[in-house]
Amino acid sequence: MIILITTTVITVIGLLVGLGLVFTGRKFYVPVDEKEAAVRAALPGNNCGACGYAGCDAMAAAIAAGDAPVNGCPVGGTPVAEQIGEIMGVSADAV
């Protein structure tokens, strides 16, 4: 009998914690900019700062916002610039 009570209490606690996590996840949801995520995936990921930004995440946010050129990554060179230009809908040569 004690095992059934313990199992029931643990199950109820698990359900309450699960519902709390679902509510918290919906309450504090942060939308993701798809272009920024795509640009970040195209960058080499060296986080070297050669572009003048703190790292690839900051560079991707600046490119997506239009504050940085698509060919601003010196490490990636022309292939990365062309790929980011396709994502942003501009020509890498026009920048």
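The values are calculated or read from the model by the stated rules, or taken from the named source; none is laboratory data. Everything quoted here is computed from the prediction, not taken from an experiment. Using ideal geometry, Cβ is built from the backbone for each residue, glycine included, and neighbour counts are taken over all protein chains shown. For the accessible areas, the whole protein counts, side chains as well, though only heavy atoms, and no ligand, DNA or RNA atoms are used. Shrake-Rupley method; radii C 1.70, N 1.55, O 1.52, S 1.80 Å.
Count, please, the residues in region 54-93 that happen to be at pLDDT below 90 and among the acidic types (D, E). Count: 1. Residues in region 7-44 that are over 13 Å from the mean Cα position of the chain (by Cα) and either under 19 Å from G89 (Cα atoms) or among the small types (G, A, S) (or both): G14, G18, G20, G25. For region 19-40, the set of residues classified as closer than 24 Å to G85 by Cβ and open to solvent by 80 Å² or more (accessible area, probe 1.4 Å) consists of V32, E34, K35, listed by residue number. Among the numbered conditions (1) open to solvent by 70 Å² or more (accessible area, probe 1.4 Å); (2) of a type in the set (A, V, I, L, M); (3) in contact (Cβ under 8 Å) with a residue 40 or more places away in the chain, the only one that L16 does not meet is (3). Given the conditions (1) under 19 Å from M88 (Cα atoms); (2) at pLDDT 95 or above, report the number of the one that C51 does not fulfil. Condition not satisfied by C51: (2).
Contact map, region 60-81: first residue surrounded by 11 or more Cβ atoms within 10 Å (Cβ to Cβ), second residue assigned to a helix (DSSP H, G or I) and of a type in the set (K, R), Cβ cut-off under 8 Å, separation 6 or more or different chains; pairs are A60/R40; A64/K35.
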